[in-house]
Amino acid sequence: MMKLFKYLKKYSFLITFAIIFVIFQGLLNLYLPDLMADIVNQGVVRGNIDYILNIGGKMLLITLLNITSAVISTYFAAKVAMLFGKDLRSMVFKKVMNFSLHEVDKFGTSTLITRNTNDITQIQTVVFLMLRLVSLAPVMAIGGTIMAVSKSAKLSMVLLVSIPVMFVAVYFIAKYTMPLFRSMQKKLDKLNRILRENLTGVRVIRAFAKTNYEKQRFEIANEDLTQTTLKVNRVFALVFPFIMLVMNFTIVFLIWIGAVQVDKGTLQVGDIMAVMQYVIQIMFSFIMISMIFIFLPRASASAERVYEVLSSETSINEPENPVIPERKGEIEFKDVTFYYEKAKEPALQNISFKVHPGEFVGIIGSSGSGKSTLINLLLRFYDVSKGEILIDGVNIKDLSQKELRNMVSLVPSRPVIFSGTIEDNVRIGKENATEEEIIEALKVAQAWDFVSKLPNGIKTEVSQGGTNLSGGQKQRLAIARGIIGEKKIYIFDDSFSALDFKTDSKVRMALRERLKDSTVIIISLRVATIMNLDKIIVLDNGKIAGIGTHKELMQTSHVYSEIVTTQLSEEEIA
Ligand code: ADP
Ligand code: MG
């Protein structure tokens, strides 16, 4: 919590302002009972109407001032809290944007979302309450005690009993609720995760008739969260009546002791009333403090979670002295081994190969053999565990991220479509692309056929995730996006899987022509897609099981010939 508060420093001016007005409000509060005592003691007892009106007017004025300072301090406190929340959200967002996939894997997507929304809201709330209540409560509690004692030390003795009782109560509330609040945030995470999985996987869940199962899973998580919340609220349901009880007992004692003294003539009626008011103020400041205890533990759990994101080291850093490569498009893997976070088995093991500039290379291997992992490493989404990857002879760790992205274009295996028009989606590949260039790219990707038939052509809106497009259409848009920029290296990770054989081969032919000056890597599960390429790399269980042309591999690679025979008929092989 404290660690996050350092980001509040830049608002110290606003904070000081808010606190000054809060304290001012507190002092005015303390002054009011004093005036009231005067009215009773001197005005009412002596029947002095002028005096009553005079002091009454003063009280009215002070009340107005009181309200004004309350409004001002609330305004500033709210402003600080909101600005702080905004800062935190953008800091977390920036941080997450710089995360490598390694960190995203480590946290998980749902919790990153919860942390940047709900957790920060908790922190915001507590900053506001702290500014308003935490600075007001001590003024009222301490000031009230001093004022009460100055009115009548004897009457104030009552506080010697009621204040410790309150302290003990607040202590036990804090002790009991803090762990509950901590677990509440975790349970909220879980709820969000289930909700998210259900929303993204809604088709699968329906298709496999898992709706009831999922409903149950959600219900359980929801119930769990509810029960914890209820537990906490039950405690607080007891707190306020308890404080009222202590307060009322205190007042009864006050009146009792006070009445005896008034009878003896050692105390004035107005003073009893004033002390009573102070006692009420002191008790209310305890209510305020216990309010803080509702929010503080939860916010501090939230703050820890937010801080965890902010303080996590991004494992992939920019090189200090980035090297500018020759930009030819040569790729070399030197004895590369890679483990995913927490994985015992390497996803890739001792991978070595070289791709020359301008080559068209295919990578084939059963699913899970490490094809996408290879690409993740080449694009530096993750860093290798051992070995090195060179582009044009330069270790990719010595390239700036920008340089790397400028050299390599990736069409990922699952096409990502953003909400916006088709044009917007393709333009991601090249910001300043002209309409002609976009249409040209769509043509190469064999997407123009269907795009040109749409009512608004490239200006047609696609929904988020491209749900109004077929799988093959999405893949072709992704291909168009991938090839529109001028890069040295193009990678297609299983990008033709949803295309029929005819379209697949048309796309490949168009690519051959369009990308003839670049290095191209095509990953596929289909032999037909890659068998005619310059070089084929066969992956099997994270290891290389052969490199060469189709003809060579048929002789040398057992794994390759097995894949081939299961996929192709005799005449195609020859
Ligand atoms: P392919 O693309 O050839 O189908 P991948 O490269 O995606 O295979 O996966 C290779 C292996 O690495 C698989 O065993 C898979 O379970 C594992 N793997 C892939 N991504 C991750 C990840 N983010 N975290 C942990 N393991 C992963
Ligand atoms: Mg893959």
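Fully extending the segment from Ile142 to Leu60, taken as 0.36 nm per residue of separation minus the present Cα-Cα distance, adds 27.1 nm. On the principal axes of its alpha-carbon atoms, the chain has extents of 121, 50, 45 Å, going from largest to smallest.
Can you sort Ser524, Ser162 by how many other beta carbons sit within 10 Å, fewest first? Write down the numbers at each step before the final one.
Numbers: Ser524 24, Ser162 20.
Fewest-to-most Cβ neighbours within 10 Å comes out as Ser162, Ser524.
Taking other residues whose beta carbon is less than 15 angstrom from the beta carbon of Arg182, and scoring Lys, Arg as +1 and Asp, Glu as -1, yields +3. Adding -39500 (n - 2.57) for every DSSP H run of four residues or longer, then dividing by how many residues the chain holds, sets the calculated 222 nm ellipticity at -21000 deg cm²/dmol. Placing unit charges on each Cβ (+1 for Lys and Arg, -1 for Asp and Glu) gives the chain a dipole about its Cα centre, and among Leu64, Gly201, Ser495 the Cα reaching farthest toward its positive end belongs to Leu64.
Taken over region 2-310, the ratio of Cα radius of gyration to 2.2 N^0.38 Å equals 1.31. Maximal additional length on extending the Asp335-Asp224 stretch stands at 35.0 nm, based on 0.36 nm per residue less the C-alpha distance. In summary, the lysines within cross-link reach of Lys354, defined as a Cα separation below 22 angstrom excluding same-chain residues under 8 places away, comprise Lys328, Lys334, Lys371, Lys386, Lys397, Lys487, Lys488, Lys516, Lys535, Lys543, Lys551. When the GluC sites (Glu not before Pro) in region 332-385 are filtered for DSSP coil states and for at most 10 other beta-carbon atoms within 10 Å of their beta-carbon, no site remains.
So how strong a dipole does region 292-385 carry about its Cα centre when Lys and Arg Cβ are +1 and Asp and Glu Cβ are -1, to the nearest 20 debye?
Values: 10 positive and 13 negative charges, 63 e Å.
The calculated dipole for region 292-385 is roughly 300 debye.
Between His550, Val361, Ser315, the Cα set farthest toward the positive side of the dipole of the chain (charges on each charged residue's Cβ, about the Cα centre) is that of Ser315. The length gained on full extension between Leu199 and Glu345, counted as 0.36 nm times the residue separation minus their Cα-Cα distance, comes to 49.4 nm.
I'd like the FRET efficiency for Gln42 and Ser90, computed as 1/(1 + (r/R0)^6) with the beta carbon distance as r and R0 of 60 Å, rounded to 0.05.
Values: r = 59 Å, r/R0 = 0.98.
That gives a FRET efficiency of 0.50.
Averaging 1/r over every pair of different alpha carbons in region 11-105 and inverting the result gives a Kirkwood radius of 16.8 Å.
3J(HN,Hα) along region 225-230, derived from phi through the Karplus expression 6.51 cos²θ - 1.76 cosθ + 1.60 where θ = phi - 60°, amounts to 5, 4, 4, 5, 4, 4 Hz, with x in place of Gly and Pro.
Straight-distance candidates among the lysines for linking to Lys215, with alpha-carbon spacing under 30 Å and chain neighbours fewer than 8 residues away dropped: Lys106, Lys186, Lys187, Lys190, Lys231.
Count charges around Val204 for me, please; just the other residues with Cβ under 12 Å from its Cβ, Lys/Arg as +1, Asp/Glu as -1.
+1
Computed across region 331-573, the Kirkwood hydrodynamic radius from all distinct Cα-Cα pairs reaches 18.6 Å. Note on Arg512/Asn406: beta-carbon distance plugged into 1/(1 + (r/R0)^6) with R0 of 22 Å gives a FRET efficiency of 0.45. With a Cα-only, solvent-free Debye model of region 373-445, what are the log10 I(q)/I(0) values at q = 0.22, 0.27 Å⁻¹? The computed values of log10 I(q)/I(0) come out as -1.02, -1.24. Using the Cβ-Cβ distance between Met97 and Glu320 with R0 set to 30 Å, the FRET efficiency works out to roughly 0.90. Here region 331-573 is treated with +1 on each Lys and Arg Cβ and -1 on each Asp and Glu Cβ, and its dipole about the Cα centre works out to around 320 debye. Mean projected area of the convex hull spanned by the Cα atoms of region 167-299, taken over all viewing directions: 10.2 nm². Considering only Ser110, Tyr382, Phe284, the residue lying farthest towards the positive end of the dipole of the chain is Phe284, judged by Cα position with unit charges set on Cβ.
Give the relative contact order (percent, whole number) for the chain; include only Cα pairs under 8 Å separated by 6+ residues. The normalised contact order for the chain reaches 15 percent.
Please order Ile280, Ile422 by the number of other Cβ within 10 Å, starting at the fewest. Intermediate results must be reported in sequence, preceding the final value.
Values: Ile280 16, Ile422 27.
Exposure proxy ranking, most exposed first: Ile280, Ile422.
Bear in mind that the values in this text are calculations on the coordinates, not laboratory data. Given the structure is predicted, the values throughout are model-derived calculations rather than measurements. Using ideal geometry, Cβ is built from the backbone for each residue, glycine included, and neighbour counts are taken over all protein chains shown.
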